[in-house]
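What follows is a structure written as structure tokens; I'll ask about it next.
The values are calculated or read from the model by the stated rules, or taken from the named source; none is laboratory data. This structure is a prediction, so every number in the text was calculated from the model and none was measured. Quick reminder, even Gly has a Cβ in these numbers, built from the backbone with ideal geometry, and neighbours come from all protein chains shown.
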Amino acid sequence: MSETLAIMERAYRGAVEKQFFDALYLAVELHRQLGGMDLLLRGPAVGYAAADARVEPIKLGGRVLDTLTDPGRDLRRLQDEGVAVWVERPDIAAFGVGALLPGVGVAEPGEFARRWGDYARVCFL
Amino acid sequence: MRAVPRTDVLVTLMGAPHADDTVTTALRLVQAMLERGGSVQVWTCGYATLLTQRGLGEHKPRNLAEWEVDYPTTATLVADLLAAHPDTLFWYGCRFCSDDRGAVDHLPQVTLRAPARYADNVAAAAKTVLVGVL
């Protein structure tokens, strides 16, 4: 049983500025330091779990910037570290997401809210 | 006071970095206009003045998961853009916003201007686009 429930609702926050150093990067550390984490994606953040999402490089000046934030890659890394990733069912269709990344669970609305008491801490990322 | 060069577009970047993808969108817009032969000036306000701080250095801190990968800072990216388009891209920062946020050490290529002079930049551009909110 993970000790921390992390809920992510805001997404796509600074692909050029943050690159790798985003809330999912923070989640790796929280998972490691705080006794394991479950991650629930809601709202636009469900797009992070879209199986067909691609992050293309962009050109800026004479440079091709290929280190933009890649949430799908970061979610897979979290899964590899043992984080259980969930999305809320209504937001999948609401935000136009099709197939999900392998291993991503689908939660019913309110399902995790009823489980807050099971966790030592609940945080919003 | 140096005269503001005539440009096709002024992009006034008000939105804060790190909060959403406003900066990514604005930089792609600037790049696209430059590639089409347009001339552009950028005026940053608020936290967008942090984009060109020399304290950011050339590289972001190391990524523990990808130790050998280089991640350029926004200061590096803006410097690259300016170097690639020396005659058609100009970068301004609002002096008041910079002072208010402690963003007082800009790249030397950035010209700080008082907000009272903003109308001069608008007048020097054929079109002004304001991106984000302060």
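Criterion first (more than 14 Å from the chain's Cα centre (by Cα), more than 19 Å from B:VAL23 (Cβ to Cβ), facing another protein chain (nearest Cβ under 8 Å) and part of a loop (DSSP other than H, G, I, E, B)) does B:VAL69 satisfy it?
yes
Counting only residues that are within 11 Å of another protein chain (Cβ to nearest Cβ) and of a type in the set (A, V, I, L, M, F, W, C), which one in segment B:76-100 is nearest to B:MET33 (Cα to Cα)?
B:LEU89
Residue check: is B:VAL30 β-branched (Val, Ile, Thr) and facing chain A (nearest Cβ under 10 Å)?
Considered against the rule, which asks whether it is β-branched (Val, Ile, Thr) and facing chain A (nearest Cβ under 10 Å), B:VAL30 comes out as yes.
Right, A:GLU17: crowded, with 17+ Cβ neighbours inside 10 Å and without any contact (Cβ under 8 Å) to a residue 24 or more places away in the chain or not?
For A:GLU17, the condition - crowded, with 17+ Cβ neighbours inside 10 Å and without any contact (Cβ under 8 Å) to a residue 24 or more places away in the chain - is met.
Tally time: how many residues in segment B:1-36 are among the acidic types (Asp, Glu) and farther than 20 Å from B:ASP87 by Cα?
2
Looking at segment A:75-89 only, could you name the residues that are within 30 Å of B:LEU77 (Cα to Cα) and buried (at least 19 other Cβ atoms within 10 Å of the Cβ)?
Selection gives A:LEU75, A:LEU78.
Within segment B:21-60, work out how many residues are without any contact (Cβ under 8 Å) to a residue 12 or more places away in the chain, in a loop (DSSP other than H, G, I, E, B) and of a type in the set (Asp, Glu).
1
B:VAL9 fails exactly one of the following numbered conditions: (1) touching a residue at least 12 places away in the same chain (Cβ under 8 Å); (2) out of contact with any Leu (no Cβ under 7 Å at 6 or more places or on another chain); (3) not in a strand (DSSP E or B). What is the number of that condition?
Checking B:VAL9 against (1) touching a residue at least 12 places away in the same chain (Cβ under 8 Å); (2) out of contact with any Leu (no Cβ under 7 Å at 6 or more places or on another chain); (3) not in a strand (DSSP E or B), the one that fails is (3).
Let's see how each residue does on (1) within 30 Å of A:GLY35 (Cα to Cα); (2) charged (D, E, K, R):
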{"residue": "A:ALA50", "(1), (2)": "yes, no"}
{"residue": "A:ARG63", "(1), (2)": "no, yes"}
{"residue": "A:ASP66", "(1), (2)": "no, yes"}
{"residue": "A:GLY72", "(1), (2)": "yes, no"}
{"residue": "A:LEU75", "(1), (2)": "yes, no"}
{"residue": "A:PRO90", "(1), (2)": "yes, no"}
{"residue": "A:GLY98", "(1), (2)": "no, no"}
{"residue": "A:GLY105", "(1), (2)": "yes, no"}
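Got at least one residue in segment B:109-128 being within 14 Å of chain A (Cβ to nearest Cβ) and either under 21 Å from A:LYS18 (Cα atoms) or assigned to a loop (DSSP other than H, G, I, E, B) (or both)?
Yes, segment B:109-128 contains at least one residue that is within 14 Å of chain A (Cβ to nearest Cβ) and either under 21 Å from A:LYS18 (Cα atoms) or assigned to a loop (DSSP other than H, G, I, E, B) (or both).
Related question: Of all the helices (runs of 4 or more DSSP H) wholly in segment A:1-93, which have at least 2 residues that are more than 10 Å from chain B (Cβ to nearest Cβ) and at pLDDT 95 or above?
A:23-33, A:71-80
Here is a further query. Is it the case that segment A:108-123 has a residue that's within 30 Å of B:VAL23 (Cα to Cα) and modelled with pLDDT of 95 or more?
Checking segment A:108-123: at least one residue is within 30 Å of B:VAL23 (Cα to Cα) and modelled with pLDDT of 95 or more.
Now, a different point. Would a scan of segment B:114-126 turn up a residue that is surrounded by fewer than 21 Cβ atoms within 10 Å (Cβ to Cβ), over 23 Å from B:ARG2 (Cα atoms) and aromatic (Phe, Trp, Tyr)?
Scanning segment B:114-126, I find no residue that is surrounded by fewer than 21 Cβ atoms within 10 Å (Cβ to Cβ), over 23 Å from B:ARG2 (Cα atoms) and aromatic (Phe, Trp, Tyr), so the answer is no.
Could you grab the pairs with beta carbons closer than 7 Å, sequence gap of 6+ or different chains, first residue in segment A:101-125 and in contact (Cβ under 8 Å) with a residue 40 or more places away in the chain, second one hydroxyl-bearing (Ser, Thr, Tyr)?
From segment A:101-125, the pairs are A:TYR119/A:THR4; A:ALA120/A:THR4; A:ARG121/A:THR4; A:CYS123/A:THR4.
What is the one condition in (1) touching an Asp or Glu at 6+ places or on another chain (Cβ under 6 Å); (2) crowded, with 21+ Cβ neighbours inside 10 Å that B:THR44 does not satisfy?
(1)
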